[in-house]
1. Could you tell me which of the residues Met86, Met108 is modelled with pLDDT of 90 or more and more than 22 Å from the chain's Cα centre (by Cα)?
2. Residue by residue through segment 139-160, note down the ones that are within 19 Å of the chain's Cα centre (by Cα) and surrounded by 12 or more Cβ atoms within 10 Å (Cβ to Cβ).
3. If you check Asn121 against the conditions, is it in a helix (DSSP H, G or I) and under 30 Å from Gln46 (Cβ atoms)?
4. Going by what's in this entry, would Val85 be described as within 30 Å of Tyr144 (Cβ to Cβ) and out of contact with any Lys or Arg (no Cβ under 8 Å at 6 or more places or on another chain)?
5. Applying the selection to segment 133-160, what residues are assigned to a loop (DSSP other than H, G, I, E, B), closer than 11 Å to Lys31 by Cβ and of a type in the set (A, V, I, L, M, F, W, C)?
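The values are calculated or read from the model by the stated rules, or taken from the named source; none is laboratory data. The structure displayed is predicted, hence computed values, not measured ones. Neighbour counts are summed over all protein chains in view; Cβ atoms, including those assigned to glycine, are modelled from backbone coordinates with ideal geometry.
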Amino acid sequence: MSFMKNQIIKIAIGVVTVCVFALPAAAQETKIGVVSLQAIVERAPQTKAVMDALREEFAPREREILAKQKEIEDLQAKVQKDLAVMGETERRNAEKNLRDLGRDFQRMQTEYQEDSNVRQNEEFGVLQRSVLKDVQDYAQAQGYDLIVGDGVLYVSSSVNITEEVLNSIVAKYQATAE
């Protein structure tokens, strides 16, 4: 019986000791923030820079597609105008030429769209990783214990730090741009 009593006393002392050491940790307030990554990515100056760079990168191909479209429209107008005076072989050749140009045009558009989407995904992936790193840096600098991102159904303004993080990202971007 005394063995059992000693064990219970040891357990009680252990629990009290754990509670004494855990009390300061439990009393410490946890700092939590919520960030809308989508809002930051949409409004960050880096996004505009990425979009401008992509537009510039794909501008020559876009001009090429527009030129091909104009060529097809001009040829269609010419064929329509000359249809009455064309022979059967000449008409078939013109129609074949139009079909071939149409297929080339469709292929050019499809390739352009696919390449554009791939590049956009690449660049936005880099941008998102950069924004995530900036959010983490901000959270560490401001002493946050937990930052919650997208998927939050409600957030009060007291824990929503999206604007503060965005301001930090804008300031960092402007500092590196100068």
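1. Met108
2. Ile147, Val148, Gly149, Val152
3. So Asn121 fits the description; yes.
4. It is false that Val85 is within 30 Å of Tyr144 (Cβ to Cβ) and out of contact with any Lys or Arg (no Cβ under 8 Å at 6 or more places or on another chain).
5. Hit for segment 133-160 is Val159, nothing else.
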